[in-house]
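Structure record follows, encoded as structure tokens.
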């Protein structure tokens with residue numbers, strides 16, 4: 001089999017890592033938490049960094065009127081299907097071996113990634129701004145939205161938001177589709193000679 | 001120009017020389033003081049190197065300190081009620097203090113000892129004896145809570161206890177007082193020949209640590225003062241010091257100090273096991289309590305046991321030998337190799353050290369001076385390895401380092417004396433302030449003592465601290481023993497009277513320390529795992545409140561329908577699952593204590609309201625920013641009212 005095809009197929013298969021590794025992580029550091037609180041965001045769920053972290057994050061947040069961290073978002077149903085479809089599609093494209101399709105797959109993934117990030121941003125915004133008006137602690141003008149990427153200080157917490165293994169695998173997978181595209185171009189040239 | 005440079009250089013070097021001189025002098029003056037401070041200074045946020053479990057003596061509890069800082073971390077309630085932790089006050093722990101004499105809310109806690117595997121401290125449990133109403137307690141070192149207490153029948157003044165054998169096969173407990181066995185109504189004057197001293201061997205299950213009184217050896221009616229296990233070659237033997245071998249029953253300070261020689265009783269417990277197996281033990285009817293705290297039900301149960309197996313050494317040859325030891329020996333200490341057994345004749349100026357190998361040879365060759373109650377007394381000259389001559393007055397206890405030295409405390413001359421094993425020469429002596437009793441070197445009762453610190457525990461402090469009226473604190477003093485000479489580093493006050501202590505490297509224990517109890521594993525009879533399950537149930541005059549606590553409210557927090565004359569059981573479950581978030585529960589007019597509930601735990605406080613009214617309760621442990629809001633009300637109506645039971649939160 002041609003190398004470009006193999007690269008494309010391997011790249012697509014990397015999407016399956018999203019079912020094995022979390023996509024993103026939000027960690028909350030504070031002096032009283034020598035072991036920081038954290039949660040891992042997957043394509044289909046949110047899980048504790050350390051046992052009971054989400055319960056404890058919710059406990060902290062209820063004082064400022066934030067809702068519980070949602071565990072049953074509609075995205076958690078849609079994302080796995082999208083990833084599954086894209087992975088299978090990628091493998092099929094790899095087998096077909098048309099390099100323009102490689103490019104198409106790669107760009108589609110980038111668009112989906114941007115849409116996903118935007119959705120994540122909207123969710124974070126809502127989570128950080130849609131507050132219970134009866135909250136015990138109200139600070140005018142203070143939003144509690146965690147950062148999309150990087151660190152941000154929120155009251156006594158330092159919130160850090162960074163991609164995890166799943167996201168890196170996805171990026172590598174997308175990159176592979178472009179490498180496959182250029183590799184295919186090379187291979188085609190060779191064929192003509 | 002050259003000259004100028006030369007002279008400048010000369011001048012400079014003189015200044016530097018002088019400067020270093022005066023600096024050097026200053027340093028030699030201050031070096032000890034500053035070094036001592038540095039050696040015990042544990043920077044804020046940093047951790048101590050050792051745990052020290054120091055007995056609380058007449059407080060009945062066990063204190064946990066850090067070494068070298070001497071900082072107190074926790075007082076573990078063991079034999080005495082503790083309203084702070086509701087120990088012995090809440091429904092869950094009341095059974096822990098049950099005995100054949102009923103509920104006993106106090107004891108005198110003496111000698112902690114840490115469990116061992118292959119002769120080294122494994123840090124799983126620490127055991128301690130209750131002296132007054134004879135009991136042995138086991139403290140779990142994952143939770144730092146007392147999880148088992150076993151009462152000892154036929155025993156009185158449980159002092160030569162609670163020492164652990166090399167693989168924690170047994171916790172051994174002797175008796176200070178001899179008593180009629182079984183107890184009966186008889187004249188005290190008939191003591192001699194009729195009273196007996198029971199040595200108890202309590203097995204510890206290797207998996208869950210469950211204790212069981214396997215057998216007792218009924219010894220002659222002496223007083224059995226202290227004990228230590230053999231180790232290495234002498235593993236399988238246990239050594240007890242005796243006094244009052246005169247068998248006096250009155251004015252013991254005179255009548256029990258007449259014999260020039262008392263004994264160390266050497267008990268071959270492997271032989272005892274053989275006799276038990278061969279059916280030579282006698283089952284004796286008795287009555288004693290065995291109390292077990294279950295970590296999953298968070299509840300203790302007390303069972304009365306009715307039988308004990310006893311062995312009679314006067315009928316069973318090879319079980320016990322007496323080693324003549326001068327003048328009412330107190331401490332009985334075995335060196336790390338197991339070869340040397342130190343008897344501290346407390347009315348003698350000398351320390352007598354017996355040799356285990358010589359003892360075996362003397363037994364083999366039947367070098368007996370006499371027999372007492374059919375128990376052979378070995379010839380003194382055949383077993384003595386050496387004597388530390390004129391070491392001090394009132395020798396009490398000896399511990400060992402890892403370099404072949406012994407350290408003995410002297411009560412009357414108030415000092416610690418360091419001496420060399422095998423040559424028996426004195427190396428160093430340092431005063432203590434004042435009247436030292438026990439001493440402890442971490443790993444002391446094991447094959448592997450450490451050679452860094454020595455903790456001396458003093459009975460008297462007089463002018464060493466700010467005065468606090470007639471009753472002043474007792475103290476511990478930390479010495480650096482890493483060098484040839486001992487160096488006093490630190491003086492710190494203790495709770496109660498510190499008898500023995502047990503020390504261990506912190507890293508053995510700290511990694512196993514529990515952070516909270518899993519709520520999902522909570523099997524308490526009255527657990528409430530979520531607010532949805534909270535409720536109030538009446539059963540005649542008993543009312544059960546299934547309550548939860550979480551930052552920062554109780555559920556329910558309004559309760560109505562309680563009547564004067566009711567017994568209200570508040571079963572409070574702390575539904576937190578985070579480290580260091582206990583909640584308290586306190587209600588006005590409670591005749592017992594507060595509750596202090598760890599995350600995932602359920603505790604029960606009984607409240608018997610006597611007055612009509614609306615009575616508040618609140619969280620007594622500052623749990624959160626809104627801790628002060630964590631409160632509620634109970635409405636108490638007249639006994640004949642018909643207000644229905646109701647409960648709510650946030651309505």
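The values are calculated or read from the model by the stated rules, or taken from the named source; none is laboratory data. This one's a predicted model, so the numbers in the text were calculated from it and none came from an experiment. Note that each Cβ is placed from the backbone with ideal geometry, even for glycine, and that neighbours are counted across all protein chains shown.
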For this session: Residues being touching a strand residue (DSSP E or B) at 6+ places or on another chain (Cβ under 7 Å) and over 28 Å from residue B:641 (Cα atoms): count how many of those fall in the range B:576-612.
Result: 14
Exercise. Which one of these does residue B:291 not meet: (1) closer than 23 Å to residue B:100 by Cα; (2) more than 30 Å from the chain's Cα centre (by Cα)?
Worked result: (2)
For this session: Give me a count of the residues in the range B:51-84 that are outside any loop (DSSP other than H, G, I, E, B), surrounded by 22 or more Cβ atoms within 10 Å (Cβ to Cβ) and out of contact with any helix residue (DSSP H, G or I) (no Cβ under 6 Å at 6 or more places or on another chain).
Result: 10
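Here is a yes/no grid of residues against (1) surrounded by fewer than 23 Cβ atoms within 10 Å (Cβ to Cβ); (2) within 18 Å of the chain's Cα centre (by Cα); (3) without any contact (Cβ under 8 Å) to a residue 12 or more places away in the chain; (4) in a helix (DSSP H, G or I):
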{"residue": "B:142", "(1), (2), (3), (4)": "yes, yes, no, no"}
{"residue": "B:155", "(1), (2), (3), (4)": "no, no, no, no"}
{"residue": "B:160", "(1), (2), (3), (4)": "no, yes, no, no"}
{"residue": "B:171", "(1), (2), (3), (4)": "no, yes, no, no"}
{"residue": "B:192", "(1), (2), (3), (4)": "yes, no, no, no"}
{"residue": "B:198", "(1), (2), (3), (4)": "no, no, no, no"}
{"residue": "B:206", "(1), (2), (3), (4)": "yes, no, no, no"}
Problem set entry | Among residues of the range A:10-43, those that are in a loop (DSSP other than H, G, I, E, B), touching a strand residue (DSSP E or B) at 6+ places or on another chain (Cβ under 6 Å) and either farther than 16 Å from residue A:163 by Cα or within 14 Å of chain B (Cβ to nearest Cβ) (or both), counted | 0
Exercise. Out of all the residues in the range B:112-120, is one or more in the same structural domain as residue B:302 (by TED's automatic domain parsing) and under 30 Å from residue B:571 (Cα atoms)?
Worked result: no
Exercise. For residue B:95, which of the numbered conditions (1) part of a loop (DSSP other than H, G, I, E, B); (2) crowded, with 19+ Cβ neighbours inside 10 Å fails to hold?
Worked result: (1)
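Here is a list: B:564, B:568, B:606, B:581. Which entry is surrounded by fewer than 24 Cβ atoms within 10 Å (Cβ to Cβ), touching a residue at least 60 places away in the same chain (Cβ under 8 Å), within 14 Å of another protein chain (Cβ to nearest Cβ) and at negative phi? Before the answer, list the steps.
Details: B:564 fails: within 14 Å of another protein chain (Cβ to nearest Cβ); B:568 fails: within 14 Å of another protein chain (Cβ to nearest Cβ); B:606 fails: within 14 Å of another protein chain (Cβ to nearest Cβ).
None of the others qualify; the one that does is B:581.
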For this session: Being crowded, with 22+ Cβ neighbours inside 10 Å and within 17 Å of residue B:207 (Cβ to Cβ) is the filter here, so list the residues in the range B:128-140 that pass it.
Result: B:138
Exercise. Any idea which of B:331, B:318, B:279 is surrounded by fewer than 18 Cβ atoms within 10 Å (Cβ to Cβ) and touching a residue at least 40 places away in the same chain (Cβ under 8 Å)?
Worked result: B:318
Problem set entry | Failed criterion for residue B:568 (all others in (1) within 21 Å of residue B:649 (Cβ to Cβ); (2) at pLDDT 95 or above; (3) in a loop (DSSP other than H, G, I, E, B) hold) | (3)
Seminar exercise, completed: Exception for residue B:620 within (1) buried (at least 21 other Cβ atoms within 10 Å of the Cβ); (2) without any contact (Cβ under 8 Å) to a residue 60 or more places away in the chain; (3) more than 14 Å from chain A (Cβ to nearest Cβ) falls at (1)
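Per-residue answers, yes or no, for (1) in a strand (DSSP E or B); (2) touching a residue at least 60 places away in the same chain (Cβ under 8 Å); (3) within 31 Å of the chain's Cα centre (by Cα):
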site: B:390; (1), (2), (3): no, no, no
site: B:397; (1), (2), (3): yes, yes, yes
site: B:408; (1), (2), (3): yes, yes, yes
site: B:412; (1), (2), (3): no, no, yes
Exercise. Does residue B:342 fit the bill of being under 21 Å from residue B:451 (Cβ atoms) and in contact (Cβ under 8 Å) with a residue 60 or more places away in the chain?
Worked result: yes
Seminar exercise, completed: Result of the Cβ filter at 7 Å on the range B:454-476, keeping first residues that are at positive phi and partners that are assigned to a loop (DSSP other than H, G, I, E, B), at least 6 apart or interchain, is B:462/B:434
For this session: Among what's in the range B:528-560 and is part of a loop (DSSP other than H, G, I, E, B) and closer than 25 Å to residue B:296 by Cβ, pick the residue that is nearest to the other protein chains (Cβ to nearest Cβ).
Result: B:551
Exercise. Are any of the residues in the range A:135-155 at pLDDT 95 or above, under 17 Å from residue A:44 (Cα atoms) and away from every other protein chain (no Cβ under 14 Å)?
Worked result: no
Exercise. Can you find even one residue in the range B:504-525 that is surrounded by 16 or more Cβ atoms within 10 Å (Cβ to Cβ) and closer than 30 Å to residue B:412 by Cβ?
Worked result: no
Problem set entry | Meets criteria (closer than 19 Å to residue A:164 by Cβ, in a helix (DSSP H, G or I) and within 14 Å of another protein chain (Cβ to nearest Cβ)) for residue A:54 | yes
Problem set entry | Single unsatisfied condition, residue A:124 versus (1) crowded, with 17+ Cβ neighbours inside 10 Å; (2) within 30 Å of residue A:1 (Cα to Cα) | (2)
For this session: Would you point out the residue of the range A:61-109, among those that are outside any helix (DSSP H, G or I), in contact with a helix residue (DSSP H, G or I) (Cβ under 6 Å, 6 or more places away or on another chain) and closer than 25 Å to residue A:48 by Cβ, that is nearest to the other protein chains (Cβ to nearest Cβ)?
Result: A:68
Exercise. If you check residue A:46 against the conditions, is it more than 30 Å from residue A:142 (Cβ to Cβ), without any contact (Cβ under 8 Å) to a residue 40 or more places away in the chain and either more than 14 Å from chain B (Cβ to nearest Cβ) or touching a strand residue (DSSP E or B) at 6+ places or on another chain (Cβ under 7 Å) (or both)?
Worked result: no
Problem set entry | Top-ranked residue of the range B:623-649 - restricted to ones that are within 14 Å of chain A (Cβ to nearest Cβ) and more than 30 Å from residue B:297 (Cβ to Cβ), ranked as surrounded by the fewest Cβ atoms within 10 Å (Cβ to Cβ) | B:628
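Within the range B:320-374, which strands (runs of 3 or more DSSP E) (wholly inside it) include 3 or more residues that are closer than 19 Å to residue B:419 by Cα and in contact with a helix residue (DSSP H, G or I) (Cβ under 9 Å, 6 or more places away or on another chain)?
Per the criteria, B:351-355.
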